[in-house]
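All remarks here apply to the structure that follows.
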Amino acid sequence: MKIGIIGGGAIGLLMGAYLAEEHAVTIVTRSEGQAEDIRHNGIHLVKDGQEYIKKVEAAPISVQSLNDFDLIVVAVKQYALEEIVSVLEGTNSSLFFVQNGMSHVELVKRLSHDKTVFVGVVEHGALKTNHHTVVHTGVGLVKVSAYQQNQWNFPITSNADFPIVYEENPHDMLTKKLVVNAMINPLTAVLGVPNGDLLNNGYYKQLFDSLFEEISGLLQIEDYNGMKVHIESICRKTARNYSSMLRDIQEQRPTEIDSILGYVLKVAAEKNWRAPITSSLYLMVKGKE
Ligand SMILES: NC(=O)C1=CN([C@@H]2O[C@H](COP(=O)(O)OP(=O)(O)OC[C@H]3O[C@@H](n4cnc5c(N)ncnc54)[C@H](OP(=O)(O)O)[C@@H]3O)[C@@H](O)[C@H]2O)C=CC1
Ligand SMILES: CC(C)(CO)C(=O)C(=O)O
């Protein structure tokens, strides 16, 4: 299969490295400089202290660069999507969005009127260290769902090195990941702690419980206990990791807060509900940004 990946960031490079085992992969970058670097060096994937080199194509983004792929993985941050809307509209390829948060859903809905669109949740941890190197910091899986139920023909198959799980309901899949990110990311970004501290510090745990109470009510999470156990297990599994939002703050990059807590606050406003903890955390992250 011919796979294009827009965004040579942590997730774009990680997916590119694994998919290059079985597919012809092109990384579609913002700059010619990064494309040149990737063409010359390949993607360097670092896993368990070993470095693997994967040969891929790379090209800077343009409408022409995106036609005739079997699938284009859209791996830019939420706030960068606006810049590439016209390119996405212009392509004849199927699209796969992997963003955290919910702001992309309106765009996905619109694009799915005339093309096949998939949404996904990436449960891997990845860290980019230069233009062509990515460290696989946490091995997980990718969940994928077709945005329109009648468009079910995802062109990538699962394998042991890079497992893919198919989900029936895109909304439930995205909501489950949203709650995880809405809980862990802002709290760790404001408190400046690794994920595990949210459970290990009794005071932070009280805050975690109150935030969960508020968000699960707002989003009408049916399986309250199951969802809480799920988030706590992610905190334990990633106990020593710094969340992506905390890393964004530390490295003075924009965060994805608008598409995570911003979305929760939009739901609160539509219902005319108060969400004092969520709105305080939103303002604190925006202030730090
Ligand atoms: N990192 C992780 O562990 C995880 C990330 N995710 C999600 O995956 C998505 C991507 O995250 P991540 O890879 O970490 O982000 P990064 O910031 O590492 O990468 C984003 C990439 O997109 C590129 N980009 C931005 N605008 C354009 C454009 N107009 N054309 C082409 N490329 C562009 C950036 O290029 P440039 O550097 O030149 O600006 C950058 O290389 C996010 O929504 C995140 O929430 C989900 C789970 C885990
Ligand atoms: C699951 C979690 C919270 C892991 O850190 C994550 O997705 C992130 O940091 O964005």
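Provide the percentage of antiparallel DSSP beta bridges, counting only those with both residues in the chain; round to the nearest 5.
40 percent
Which loop-located trypsin sites (Lys or Arg not before Pro) does the stretch 191-276 contain, where loop means any DSSP state but H, G, I, E or B and the Cβ has at most 15 other Cβ atoms within 10 Å?
Here the trypsin sites (Lys or Arg not before Pro) that fit, given the DSSP loop and packing criteria, are R240, R274.
Give a quick list of chymotrypsin sites (Phe, Trp or Tyr not before Pro) in the stretch 222-281 that DSSP marks as loop, anything other than H, G, I, E or B, with at most 13 other Cβ atoms within 10 Å.
Qualifying residues, ordered by number: W273.
Rounded to the nearest Å, what's the spacing between the alpha carbon centres of the stretch 2-81 and the stretch 216-289? Just the number, please.
Each part's Cα centre sits 29 Å from the other's.
Taking the chain as a Gaussian network, where each spring joins two C-alpha atoms under 10 Å apart, which residue of A275, A59, A146 fluctuates the most?
It is A275.
With θ set to phi - 60° and the Karplus curve 6.51 cos²θ - 1.76 cosθ + 1.60, what are the ³J(HN,Hα) couplings of the stretch 261-271 in order, to the nearest whole Hz, using x for Gly and Pro?
6, x, 5, 4, 5, 5, 4, 4, 5, 4, 8
Over 20 Å between Cα atoms: which of K228/K266; K77/K288; K77/K286; K177/K228; K128/K286 fall into that group?
Too far apart for the 20 Å limit: K228/K266; K128/K286.
I'd like the Karplus ³J(HN,Hα) series for the stretch 117-122: coefficients 6.51, -1.76, 1.60, θ = phi - 60°, whole numbers in Hz, and an x wherever there's a Gly or Pro.
10, 10, 10, x, 10, 9
Could you tell me which of G192, I260, I11 has its Cα farthest along the dipole of the chain towards the positive end, charges placed at Cβ (Lys, Arg +1; Asp, Glu -1), taken about the Cα centre?
About the Cα centre, the residue reaching furthest to the positive side is G192.
Could you look at the chain and say what percent of its accessible area is carbon and sulfur, using a 1.4 Å probe and all protein chains?
Carbon with sulfur: 49 percent of the solvent-accessible area.
Which trypsin sites (Lys or Arg not before Pro) in the stretch 11-107 pass both tests, a DSSP loop state and at most 14 other beta-carbon atoms within 10 Å?
Loop-located and lightly packed - K55.
Only bridges whose two residues both fall in the stretch 82-192 count here: according to DSSP, what percent of them are antiparallel, nearest 5?
That works out to approximately 65 percent antiparallel.
Which one of S158, L107, C235 is farthest out on the positive end of the charge dipole of the chain, using unit charges on Cβ (Lys, Arg +1; Asp, Glu -1) and the Cα centre as origin?
C235
Using each residue's phi in the stretch 80-96, evaluate 6.51 cos²θ - 1.76 cosθ + 1.60 at θ = phi - 60° and report the 3J(HN,Hα) Karplus result to the nearest Hz, with x for Gly and Pro.
These are the phi-based 3J(HN,Hα) values: 9, 5, 3, 4, 10, 4, 5, 5, 5, 4, x, 7, 9, 8, 6, 10, 9 Hz.
Calculate, for W273 and N153, the FRET efficiency according to 1/(1 + (r/R0)^6) with r their C-beta to C-beta distance and R0 41 Å; round to the nearest 0.05.
0.55
The values are calculated or read from the model by the stated rules, or taken from the named source; none is laboratory data. None of these values were measured; they are calculated from a predicted model. Ideal geometry is used to build each Cβ from the backbone, glycine not excepted, and the neighbour counts take in all protein chains shown. For accessibility, only protein heavy atoms count, side chains too; no ligands or nucleic acids. Shrake-Rupley method; radii C 1.70, N 1.55, O 1.52, S 1.80 Å.
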